[in-house]
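No lab work stands behind these numbers, since they all come straight from the coordinates. Source: prediction; values computed, not measured. Note: ideal-geometry Cβ built from the backbone for every residue, glycine included; neighbour counts use all protein chains shown.
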Amino acid sequence: MEWCREYQKNGVQGLVDKRVGGNSAKLSQLQFEDLNNRLRQYRPQDIFGAEASPYWTPPELARAIEKWYGVIYRSPSSHQRILGVCGFSYQKVEKVFKPRSEKKVLEFDEQVEKN
């Protein structure tokens, strides 16, 4: 319906694509290569101190990009995409194996045998 209204109002000229298009990348190719190298060379704790995560996360990456290049991305998915392009995989912490306590396992086995 919008196209019909635009055609009725402005004719064929109203249907011309008015999008600007183009690449909206905020980092140049050189900056992106530098970022990729820095992500492999440093950990967030090396840059932001002990309170930072030991692994690159989207929030830590956002802080680093702003510090190193003065660039701020509006969408958190941009940071996830950058980490993926740089070869980093996303893993939820709760899905990571946690070693079990052998003492608790033995206590549980004893309880099962008693019942």
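The listed residues are Arg38, Arg19, Arg63, Arg5, and the only one of them that is among the basic types (Lys, Arg) and within 15 Å of the chain's Cα centre (by Cα) turns out to be Arg63. Is it true that some residue in the range 19-28 is surrounded by fewer than 15 Cβ atoms within 10 Å (Cβ to Cβ) and in a helix (DSSP H, G or I)? No: zero hits.
Within the range 45-87, the set of residues being part of a helix (DSSP H, G or I) and over 24 Å from Gln29 (Cβ atoms) comprises Gln45, Asp46, Phe48, Pro59.
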